[in-house]
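Down below is the structure, laid out as structure tokens.
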Amino acid sequence: MKLLSVNVAMPRSVTWGGRTYATSIFKQPVEGRVTMRRLNIDGDAQSDLTVHGGADMAVYVYSDDHYPYWRTVLTAGALTPGAFGENLTVTGMTEETVHIGDSFAIGDALVQVSEPRTPCHKLAMKYDRPSFPKEFLRTGHVGFYLRVLEPGEVGAGDEITPVARDSAGLTVMEILRIWEKKRPSAAELDRALSVPALSAKWRGQLAERR
């Protein structure tokens, strides 16, 4: 597993569909090493803190393993690291292999997987493709968020080293599919809620469906 690119953006205003939005989805790769902190990465900031950001959503990760597929779908332009708004473009970490609660060392930092990403209209806006969030979700290739347990410097080329695997073994893909169901079973909800590392937002949403 390797960190291929660190990508950041500050908020900017974009008009789409007759409305103006503040967004930080237009990430660009940065050179050298940058510090990953408890709430974000230096040079990056979340635009709408009501739905993004906080300790459970400090850093967004997306796998380069999915890029070849999206290049067959999004043919209007080149897809470069950060194309989906991710802070870290990585290889070897997918939704089927990474578990909620798994922790990893990246550079000098220690991080923990907290929740899947659920795509919103900002992704549709970036590609001027209203159906894109549903397409993105349907694939399951949504990426995931990290909480930063120990801040530190990271940079492209860093190895990503597993530190601990959550004992529940609930993958990002599995919890995403539970969340998608109209009526998940009590056993599915109990399993999801048994993972202490699951973000507070997701725990609250799933607890309401018990």
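Here, each number is a calculation from the coordinates, and none is a lab measurement. Quick caveat, the model's predicted, so the values are computed rather than measured. Glycine gets a Cβ as well: all are built from the backbone with ideal geometry, and neighbour counts include every protein chain shown.
Return a single number: how many Lys pairs in the chain, at a sequence separation of 8 or more or on separate chains, have alpha-carbon atoms below 25 angstrom apart. Summing the qualifying lysine pairs gives 15. In order along the stretch 15-31, the Karplus-derived 3J(HN,Hα) couplings, from 6.51 cos²θ - 1.76 cosθ + 1.60 at θ = phi - 60°, round to 9, 8, x, x, 10, 10, 10, 8, 8, 10, 6, 8, 6, 10, x, 10, 8 Hz, and Gly and Pro are given as x. Shape of the stretch 2-166 from its Cα gyration tensor (a ≥ b ≥ c, root eigenvalues): rounded if a/c is under 1.5, otherwise prolate when a/b > b/c, or oblate? Prolate is the answer for the stretch 2-166, as a/c is 1.5 or above and a/b outweighs b/c. Note on the stretch 161-185 and the stretch 47-102: Cα centroid distance 17 Å, given to the nearest whole angstrom. Amide H to amide H, with H built 1.01 Å from N, Trp16 comes under 5 Å of Tyr21, counting only residues 5 or more places away or on other chains. Taking only Cα atoms and a 10 Å spring cutoff, compute GNM fluctuations for the chain and point out the largest among Tyr60, Tyr69, Tyr145. Of Tyr60, Tyr69, Tyr145, the Gaussian network model singles out Tyr69 as fluctuating most. Using the Cβ of Trp16 as centre and a radius below 10 Å, the other residues enclosed give a net charge of +2, where K and R count +1 and D and E count -1.
When the Gaussian network model of the chain links Cα atoms closer than 10 Å, the mean-square fluctuations of Ala168, Ala105, Ala58 top out at Ala168. Listed peptides 136-143, 19-26 appear in the order 136-143, 19-26 once ranked by packing, highest mean of other Cβ atoms within 10 Å at the front. 3J(HN,Hα) along the stretch 123-129, derived from phi through the Karplus expression 6.51 cos²θ - 1.76 cosθ + 1.60 where θ = phi - 60°, amounts to 5, 4, 5, 4, 9, 6, 9 Hz, with x in place of Gly and Pro.
Run lengths n ≥ 4 of DSSP H only: what is the helix-derived mean residue ellipticity at 222 nm for the chain, with -39500 (n - 2.57) per run over all residues, to the nearest 500? It would help to have the intermediate numbers written out before the result.
On the way: 6 runs with 47 residues, N = 210.
Helices in the chain give a 222 nm mean residue ellipticity of -6000 deg cm²/dmol.
In this structure, the amide hydrogen of Leu110, modeled 1.01 Å from its nitrogen in the peptide plane, lies closer than 5 angstrom to those of Leu149, Glu150, counting only residues at least 5 positions away or on a different chain. Give the shape of the stretch 68-210 as rounded, prolate or oblate, defined through the alpha-carbon gyration tensor: a ≥ b ≥ c are the square roots of its eigenvalues, a/c under 1.5 means rounded, and otherwise the shape is prolate if a/b is larger than b/c and oblate if not. In terms of gyration-tensor shape, oblate.
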